[in-house]
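Visitor: Handing you this structure, nothing more for now.
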Amino acid sequence: MSHFFPETIETERLRLVAANPETVHPLDVYEACSHPEMDEVTTYMPWSRHETPKVSKDFLDDCASKWDDAESAQYAVYPRDGEDGAGELAGFGGIHTEWPRRVGTLGFWLRPQYWGRGYSGERAKALAALAFEVLDLEVVEVKHAVANEKSQRAIEKYMGTLGGGRDGRDRNSLPVEDGVADQFVYSVSRDEWQDATGGEYDAEFHWDAGDN
């Protein structure tokens, strides 16, 4: 694999591992993404519950291809030792890079049993630091479906901590099962992040998975 992005990221409670068929087993992804609970997760997502293991394998192959092309870094998210469900696949999160704009867009989802723990903000703080300190991007943005109140609460909280806020509404921008939906858009600039955080973050980036 290309070593452009760190292969693992560790925060206080989470371990993020590069999503590809070599590091994450497709059947583990299928077990998580085919469960009926995922219908609740994917309500506001442009994808639906995985119907076959082949869908999960194709997802990981796509993650690996975009990783190698430096288009995006997608990570499997695992709670670390000491957390309830430690070592289990809790969800996925990553950053999509638009190099000409110097913008990184964050994305994230968790299985319902891991909701309410603050994992979304913890992961966002690590990926914002990656964007600004490592990838030399100038803006980090996040979007969510207007109707997704859970995401709205989480994003407003952590974007405020990072120094950013809501920019506006992106109409008909999210493909969903019954058509398209509007999204709220949030962003934070590198200067805003620096002012709000002092450039400090609680995350470790590892480019060689063998170091861990």
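The values are calculated or read from the model by the stated rules, or taken from the named source; none is laboratory data. Computed from a prediction, not measured in an experiment: that's the story for all the values here. Backbone-built Cβ (ideal geometry, glycine too); neighbour counts: all protein chains shown. Ligands, DNA and RNA are excluded from the accessible area calculation, which covers all protein heavy atoms including side chains. Shrake-Rupley method; radii C 1.70, N 1.55, O 1.52, S 1.80 Å.
Visitor: Pairs, please: C-beta under 6 Å, at least 6 apart or cross-chain, first residue under 11 Å from Val140 (Cα atoms) and in region 179-197, second among the hydrophobic types (A, V, I, L, M, F, W, C) and in a strand (DSSP E or B)?
Guide: Listed pairs, sorted by first residue: Tyr186/Val142; Ser187/Val139; Val188/Val140; Ser189/Val139.
Visitor: Right, another one. Just need a number here: residues in region 120-171 that are open to solvent by 50 Å² or more (accessible area, probe 1.4 Å) and either at pLDDT 95 or above or among the charged types (D, E, K, R) (or both).
Guide: Number satisfying all stated conditions: 17.
Visitor: Would a scan of region 19-36 turn up a residue that is closer than 24 Å to Glu98 by Cα, of a type outside the set (Gly, Ala, Ser) and open to solvent by less than 60 Å² (accessible area, probe 1.4 Å)?
Guide: Yes, because at least one residue in region 19-36 is closer than 24 Å to Glu98 by Cα, of a type outside the set (Gly, Ala, Ser) and open to solvent by less than 60 Å² (accessible area, probe 1.4 Å).
Matching residues to (1) over 26 Å from Pro6 (Cβ atoms); (2) of a type in the set (D, E, K, R); (3) touching a Ser or Thr at 6+ places or on another chain (Cβ under 6 Å); (4) in a helix (DSSP H, G or I):
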site	(1), (2), (3), (4)
Ser151	no, no, no, yes
Tyr158	no, no, no, yes
Glu192	no, yes, no, yes
Asp195	no, yes, no, yes
Tyr201	no, no, no, no
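Visitor: Being more than 19 Å from Ala203 (Cβ to Cβ), touching a Lys or Arg at 6+ places or on another chain (Cβ under 9 Å) and not charged (D, E, K, R) is the filter here, so list the residues in region 153-179 that pass it.
Guide: Ser173, Leu174
Visitor: Cβ-Cβ under 7 Å, sequence separation 6+ or interchain: first residue in region 2-16 and free of Cβ contacts under 8 Å to residues at least 12 places away in the same chain and within 16 Å of Cys63 (Cα to Cα), partner open to solvent by less than 30 Å² (accessible area, probe 1.4 Å) and part of a loop (DSSP other than H, G, I, E, B). Which pairs?
Guide: none
Visitor: Could you please give the count of residues in region 173-188 that are farther than 10 Å from Ala145 by Cα, surrounded by fewer than 16 Cβ atoms within 10 Å (Cβ to Cβ) and at pLDDT 95 or above?
Guide: 0
Visitor: Scan region 55-74 residue by residue and report those that are in contact with a helix residue (DSSP H, G or I) (Cβ under 8 Å, 6 or more places away or on another chain) and closer than 18 Å to Ala32 by Cα.
Guide: Val55, Ser56, Lys57, Phe59, Leu60, Gln74
Visitor: When you scan region 43-62, how many residues do you find that are over 18 Å from the mean Cα position of the chain (by Cα) and either assigned to a loop (DSSP other than H, G, I, E, B) or of a type in the set (A, V, I, L, M) (or both)?
Guide: Total meeting the criteria: 4.
Visitor: What about Ala90, is it open to solvent by less than 50 Å² (accessible area, probe 1.4 Å) and either over 18 Å from Thr43 (Cα atoms) or touching a helix residue (DSSP H, G or I) at 6+ places or on another chain (Cβ under 7 Å) (or both)?
Guide: Yes: the conditions hold for Ala90.
Visitor: While we're here: Among the residues of region 30-41, is any part of a loop (DSSP other than H, G, I, E, B) and at pLDDT 95 or above?
Guide: no
Residues are listed down the side, and each one gets a yes or a no for (1) of a type in the set (D, E, K, R); (2) over 16 Å from Val17 (Cβ atoms):
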site: Glu51; (1), (2): yes, yes
site: Asp69; (1), (2): yes, yes
site: Gly94; (1), (2): no, no
site: Thr105; (1), (2): no, yes
